[in-house]
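Quick note: the coordinates plus some simple rules give every number you see, no bench work behind them. All figures in this text were calculated on a predicted structure; none of them were measured in a lab. Glycine gets a Cβ as well: all are built from the backbone with ideal geometry, and neighbour counts include every protein chain shown.
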Amino acid sequence: MKNIDNATNQNLFSSSEEIDIRLILNFFTRNKLFVGSFSILFMVIFSLYSFTLKKIWEGQFQIVLNTQDTNNNLNISPSFLRFADLPNKGDLNTQVAILESPSLLEPIFQFVASSKQKKDSSFKANYLNWKKNNLDIGLENGTSVLNIKYLDQDKELIVPVLKKMTDAYQEYSGESKKRIQELTKNYLKEQIKFFKEKSSLSLKSAQDFAIEQDLTFLSSREQLNYSLNDEQSVKTLGTLLNIDIENIRVNAANEIRIIDNQLKKINELNDSEELQYIGSTIPALVEEGLPQTLKIIEEELVEMRSKYTEKDINIINLLDKRRLTLEFLKDRTIKYLKAYRLDVEARMEAAMRPKGVILNYKELIREASRDESTLISLENQLRLIDLEQAKREDPWKLITKPFVLENPVAPSKKNIGLIGLILGFVVGIFISLYKEKKSDLIFEEQKIEELLNTKVVETLHITEITKNSEKIIFIKSLFNLKKYKKVFVLYLNENNKRFEKFIEIIKVNFDSNQEIMLISQKELIQIGKNDGLFLITSPKSLKYSQIYQLTNRMSVFDLNIDGIIMY
């Protein structure tokens, strides 16, 4: 029986376990009326059911999202944004996620729930189911256009809901920027407060150090004339810090070197003109009038020599006077230069500072300048934020106003009817398979051949069972084979009148030495080893149970069927 069940289950499959298209077509041909009836019945039932369902309407609108980084719209310097760590709303996916958040949609759901409860007090719904089943929010492919669709059975409620959504989204577009501006403003105020204190402390430290070390303190205005972000400006600021200390020392050393050279040259000079020139470069000697006196003596001497000889007493007196004046001028110049050298040495010593003092002072000045520069930059950014807040921002633009489609989107009677048709077709197939399995009938010649391990030698139609038909003549030739002593024709059906007619026609003109007998399963014992055994049957009348019973009996008598004749 297990073999029979397996054969029944594989009725639509070939021995190689591949689907036999011919068997499937035969199956549908046999059961087309039954399967077709079920398909039509289910289609009619589902179509009638679709008329009982409530209509679902769809409303929609489109809105253009802002693709620019919200922080960039604040006109804040990029260097500041790195430290402020402000939220970025420029990403489209981020904006869509925010627009789908409960913070924006929960109030709209509450409006829908309250509106429906006014019409039906038993109405109950939760936010997640409402969002999943009634809302469809998504970006148009490749654009920043947001599509919003809303489904509801209440057609009159759709437009008010969509309007509330447009108001919420447009309000969010402005509130989002206001929120970022407020966060930025609070951050700037905190930083300004911090840097005011820091700048004041760093400025005081630099000033105290300058007073302690007797250094010239540059004002913050002078410091801020140089940008600390520029390398050349930093060098310039360092040069300014060197002017009153290092430059004084260097200049003093250079002056001392010049004075020493002048003293050396004066000691070597005897020329009145050169000595007169050096004296004229010293303001104190010029004020005393010594160079001018020497000049007057030279002029008088030239005039006297034009009138008198060198032996004249006046010329001799003038020469003595010039010598004395030169000696006095030389002595006065040397004394003045030495006195001035002492003064320069004093200034140079006063400009000397311990190692590291200037370097520390520069660092304090730079620190104070940085803090002051940062403070001014923060105050400028705060002023920009105040200006941005005063400026009115346009909300996100609506491409389409909220509207409701003319025809309902659900239920689709065509789709429901099609589902019924498909479901009825599937149910009809399974019921047909069950009926065929339950009937135990074998419908395919191929299956009979497989179960009996033999071949169908001929297939007859009722009209072909005549004396001179070609197929009857072939069967006679088959039965007249010399190897058969007797020929037995086995039938498995109770009604054997057609078989008897077939046997009568076959016996006509047969060899008299050969006997043809029509038998049933009960008479298999009559068959000998040299006898021929043929099965005559019809696929639609033969059962698996009959084949099982026949194969068992044939195995007992060690018999084989030589061929099958189908009619």
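Observations on the model:
- Across Lys265/Lys335; Lys118/Lys401; Lys455/Lys543, pairs whose alpha-carbon gap is larger than 22 Å: Lys118/Lys401
- Per residue, the convex hull around the alpha carbon atoms of segment 246-352 comes to 86 Å³.
- Förster radius 51 Å - calculated FRET efficiency between Asn407 and Ala97 (Cβ-Cβ, nearest 0.05): 0.95
- Ellipsoid semi-axes for segment 528-567, based on the Cα gyration tensor and the rule √(5λ), read 19, 14, 5 Å when sorted largest first.
- Peptides 548-558, 448-458 ranked from most to least packed by the mean count of surrounding Cβ atoms within 10 Å: 448-458, 548-558.
- Where labels lie 7 Å past Cα in the beta-carbon direction, separation of Ile296 and Leu48 in nm: 14.9 nm
- In straight-distance terms, cross-link reach from Lys476 covers every one of the lysines whose alpha-carbon lies under 16 Å from its own, apart from those fewer than eight places away in the same chain; here that gives Lys467, Lys485, Lys486, Lys501, Lys507.
- With the Kirkwood sum run over all distinct C-alpha pairs, segment 111-158 has a hydrodynamic radius of 12.4 Å.
- Partner lysines whose Cα lies under 19 Å from the Cα of Lys32, excluding those fewer than 8 positions away in the same chain, are identified as Lys435, Lys437, Lys438, Lys540.
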